[in-house]
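Structure, as structure tokens:
The values are calculated or read from the model by the stated rules, or taken from the named source; none is laboratory data. If you're wondering where the values come from, they're calculated on a predicted model, not measured in any experiment. Here the Cβ positions follow ideal geometry from the backbone for every residue, glycine too, while neighbour counts run over all protein chains shown. The area values use the complete protein model at the heavy-atom level, side chains included, leaving out ligands, DNA and RNA. Shrake-Rupley method; radii C 1.70, N 1.55, O 1.52, S 1.80 Å.
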Amino acid sequence: MLTEIKGGTVYDPIKGIDGEVRTLYIRNGRFGHSPYPHERIDETIDADGLIVMAGGIDIHSHIGGGKVNIARMMMTEDMHSDRVLHEGEQHSGCGHGIPSTFTTGYEYAKLGYTVCFEPAVVPANARLAHLEMADTPLLDTGGYLVLGNDDYFLQLLADKADPKKIRDYVGWMLDATQCTGVKVVNPGGISAFKFNQRKLDVDETHSYFGVTPGQIVRTLTDAVADLKLRHPVHTHCSNLGVPGNINSTLNTINAADGKPLHLAHVQFHSYGTEGKRKFSSAALEISEQVNNNPSLSVDVGHVMFGQTITISADTMHQFNNRNLASPKKATFMDIECEAGCGVVPFRYRSKQFVNALQWGIGLELFLTIQNPWQVFLTTDHPNGASFTTYPHLIRLLMDRSYRNDMLSTINQSARQMCQVGDIDREYSLYEIAIITRAGPARSLGLHNHGHLGFGAVGDVVLYKPGENWETVFRNPVRVIKSGTTVVSNGKIVNPLIKGNTIRQRINYDRSIARELTRYFRRTRMIRLSGFRISDDEMANAIGSKVVYTDE
Ligand SMILES: [Zn+2]
């Protein structure tokens with residue numbers, strides 16, 4: 001099967017192409033060279049006048065795992081508010097803040113996204129997370145494994161174990177859970193919460209294990225470097241959402257000793273204590289760190305106004321926020337003492353000072369981080385907002401006068417306390433292509449996603465240019481997944497195409513399994529052999545083939 005995409009204006013930052021008219025060829029699902037003499041072109045797509053980009057990649061979006069399902073069960077309001085019949089889509093379900101798996105796949109595809117990473121896979125829940133992601137059509141997926149609050153790891157750290165042993169444990173766990181990266185959430189804090197600590201600063205000691213969040217970040221950073229994982233430790237810092245947490249964030253950056261680090265949803269970690277409400281923006285301090293440290297990257301976790309639901313492994317933080325729930329309900333749970341889970345519905349209000357300032361802080365981060373390769377577009381779906389708000393966010397970044405119009409509608413005290421109105425910067429299409437696909441691909445070490453070069457997976461989006469960038473990015477003319485058109489003029493046309501699970505190959509000493517077998521027998525409900533998810537199980541029972549980043 002050979003498809004020709006003729007004469008579109010291509011934005012492909014990985015290949016350094018900034019708005020050049022090109023003709024592309026997809027042969028059997030991959031980008032390739034022009035046809036051989038006499039080779040038949042099966043389909044020609046006229047892209048004349050259209051914007052052409054690789055499929056979007058979401059580096060941080062909660063789409064699978066226990067807490068996502070709990071949120072779905074809790075938020076029946078969210079389901080009822082969005083009973084849309086998706087014509088031609090089978091079993092599409094519904095939902096806005098926390099949509100069904102099918103709706104998630106279709107809505108992502110309609111926005112031109114083709115790859116999505118679930119950032120909080122709890123080890124004991126990895127099987128469920130992969131089952132849900134496999135059930136999400138039209139998307140390739142991957143997961144980051146939550147470590148750093150699990151008893152086994154914390155005991156290794158308390159015992160001052162050989163760093164090689166810690167590396168082997170991390171490697172074994174990544175393999176067993178089929179995850180591609182390491183995530184740490186409120187390092188040590190989720191565990192400390194179970195010992196009745198209600199906060200844990202970066203240099204504060206866990207009351208039982210006697211270790212600090214700083215040590216946890218440093219140890220995981222070393223293990224990830226030793227395993228040669230491309231993506232740095234995906235870090236949800238201490239004290240999420242707390243006024244003054246800028247100090248925790250800066251201390252976490254220091255704890256990494258200059259090694260590569262990724263700060264997740266950094267908007268929620270950029271707060272000062274200035275002003276009469278003791279809540280202020282510290283976004284510029286974060287930008288300064290990122291601008292001076294090329295090995296630091298962030299995703300923003302932008303807030304949008306309206307109803308959503310917050311879901312996090314950070315039980316400590318979610319418990320502290322339970323009184324802010326809207327509607328008034330919350331759930332907390334734990335499995336096997338590996339991490340935690342808290343689900344709290346939330347409504348962000350544009351006239352409310354803190355929420356309005358959070359909105360401004362997200363924009364300040366996007367607009368003051370100079371190198372777009374170090375900042376990725378996210379709303380920490382659904383924590384800051386649903387991913388379906390991305391086109392609106394893109395317009396805010398690309399259109400200064402629209403941004404200033406929106407700024408005049410928010411709480412005016414918040415408006416005065418952020419710098420957004422003074423910033424002229426407007427993102428270019430090339431920069432949007434970086435923060436929504438090329439940057440995430442490079443950060444995750446994906447060789448064959450996020451670009452349109454030879455050998456890349458044939459994921460491509462065609463947009464019709466226009467005055468209003470939100471309209472442009474909300475309505476791709478065509479979305480192609482692995483060479484097959486899945487969205488045409490806003491309609492899903494191939495609803496049943498399944499994605500793969502993306503992983504990175506790693507090397508470590510597998511003999512760690514002997515000790516883990518004994519540990520599981522002593523402490524767990526499940527044996528080690530049943531805990532581990534094999535490639536065969538992924539392909540045959542879970543329904544998602546494992547592919548490696550170099551394939
Ligand atoms: Zn998140």
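Using only the Cα atoms of region 222-302, build the gyration tensor, take square roots of its eigenvalues as a ≥ b ≥ c, and label the shape rounded, prolate or oblate: rounded if a/c is under 1.5, else prolate if a/b is larger than b/c, else oblate.
Note, shape of region 222-302 comes out prolate.
Going by a ≥ b ≥ c, the root eigenvalues of the Cα gyration tensor, does the chain fall in the rounded group (a/c under 1.5), the prolate group (a/b larger than b/c) or the oblate group? Kindly include the intermediate steps, with their values, before the conclusion.
On the way: a/c = 1.58, a/b = 1.19, b/c = 1.33.
Oblate, because a/c is 1.5 or more while a/b does not exceed b/c.
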Quiz item: For region 387-521, what class follows from the C-alpha gyration tensor (a ≥ b ≥ c being the square roots of its eigenvalues): rounded when a/c is under 1.5, otherwise prolate if a/b is larger than b/c, else oblate?
Solution: oblate
Quiz item: Carbon and sulfur together cover what percent of the accessible area of the chain at a 1.4 Å probe radius?
Solution: 48 percent
Exercise. Roll a 1.4 Å probe over the protein chains and send me the accessible area per residue for region 319-393 in Å².
Key: 31 Å²
Quiz prompt | Residue among Asn196, Thr177, Tyr11 farthest towards the positive dipole end of the chain, charges placed on Cβ | solution = Asn196
Exercise. Calculate the dipole size of the chain relative to its Cα centre from +1 charges on Lys and Arg beta carbons and -1 charges on Asp and Glu beta carbons; express the result in debye to the nearest 20.
Key: 1100 debye
Quiz item: Counting only complete DSSP H runs, which helices of the chain cover 18 Å or more along their long axis at the Cα atoms and score a mean Kyte-Doolittle of 0.5 or above?
Solution: 353-368
Quiz item: How much length is gained if the chain between Ala225 and Asn323 is pulled fully straight, taking 0.36 nm per residue apart and subtracting their Cα-Cα distance, in nm to one decimal?
Solution: 31.3 nm
Self-check item: Cleavage-rule hits, trypsin sites (Lys or Arg not before Pro), region 310-382, DSSP coil, Cβ neighbours within 10 Å at most 10
Solution: Lys328
Quiz item: Among Ile166, Val266, Tyr208, which residue has its Cα positioned farthest towards the positive end of the charge dipole of region 136-272, with +1 placed on the Cβ of Lys and Arg, -1 on the Cβ of Asp and Glu, and the dipole taken about the Cα centre?
Solution: Val266
Quiz item: Accessible area per residue of region 198-287 at 1.4 Å probe, in Å²?
Solution: 37 Å²
Quiz item: Whole-Hz Karplus ³J(HN,Hα) for region 233-239, in order, using 6.51 cos²θ - 1.76 cosθ + 1.60 and θ = phi - 60°, x for Gly and Pro?
Solution: 4, 7, 10, 9, 5, 6, 6
Exercise. Give me the percent of DSSP beta bridges within region 209-315 that run antiparallel, rounded to the nearest 5.
Key: 25 percent
Quiz item: So how much slack lies between Lys545 and Ser401, counting 0.36 nm per residue of separation and subtracting their Cα-Cα distance, in nm?
Solution: 47.3 nm
